[in-house]
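Below: one structure, written as structure tokens.
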């Protein structure tokens, strides 16, 4: 008998984090048992708890289709979207907690405002000045840009990143390296963001690839965004041939002031 078939004959037990960001001394876990339904995901179970047991349980969600990125949480210690996580994936009790990289608001809801502030600070796409407004570039350039623009800003990659979560406050995080890369790799972009990236923590990333493992859109964050951005920044800073090329054909640099990229959860 498969795990899914076995699950249909029993209930689902969830251990839910409860707490308020204003008083962490009241943090606790509460256990609920809900009846299993075919195709049930963790978000369905959360809604059942809200409807039948405790309407005060707070959780953020919107589309229930894995497109809005709102229902991010840590499920059995791993960042996931609740609406895309089947309960029959787990055998036994399921623990649901808020993302620990961000300040807690209430229960499963965290405050992610700082992410949107960082997004506004990244130098935007700036096309080359030209009287010719016909843009011609290769299909691989289209595909590369398209991959990065699939991001739904669930911030799971920010949550699992140990640099953002535990060590350095001034690292902008995987999501925003992807955003910067989407501009840098556009063939018509006129800015060089290498100095900006270096001064906002790019060097702290040690390529563990955990961010791309949790991405619900399967964006290859490390290989296709972080590593090329690191190579571009290092070449710019240390390669004498690149330095000489820049001297005679300068691309505008962007070096905004250093920003704090995240707020510790405690």
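The values are calculated or read from the model by the stated rules, or taken from the named source; none is laboratory data. Just so it is clear, the structure is predicted and the values come from calculations on it, not from any experiment. Neighbour counts run over all protein chains shown; Cβ positions are idealised from the backbone, glycine included.
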(message) Step by step: first the residues of region 27-43, then only those that are touching a residue at least 24 places away in the same chain (Cβ under 8 Å) and not in a strand (DSSP E or B), then the one that is surrounded by the most Cβ atoms within 10 Å (Cβ to Cβ). Which residue is that?
(response) 42
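In the set 32, 17, which member is in contact with a helix residue (DSSP H, G or I) (Cβ under 7 Å, 6 or more places away or on another chain) and more than 15 Å from residue 85 (Cα to Cα)?
Being in contact with a helix residue (DSSP H, G or I) (Cβ under 7 Å, 6 or more places away or on another chain) and more than 15 Å from residue 85 (Cα to Cα) holds for just one of 32, 17, which is 32.
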(request) Kindly list the number of the only condition in (1) modelled with pLDDT under 95; (2) surrounded by fewer than 16 Cβ atoms within 10 Å (Cβ to Cβ); (3) farther than 19 Å from residue 156 by Cβ that fails for residue 21. (result) (2)
(request) May I ask you to list the residues in region 180-197 that are under 25 Å from residue 113 (Cβ atoms) and surrounded by fewer than 21 Cβ atoms within 10 Å (Cβ to Cβ)? (result) 182, 183
(request) Those residues that are in a helix (DSSP H, G or I), within 21 Å of residue 70 (Cβ to Cβ) and either touching a strand residue (DSSP E or B) at 6+ places or on another chain (Cβ under 7 Å) or without any contact (Cβ under 8 Å) to a residue 40 or more places away in the chain (or both), I need them from region 204-223; list them, please. (result) 214
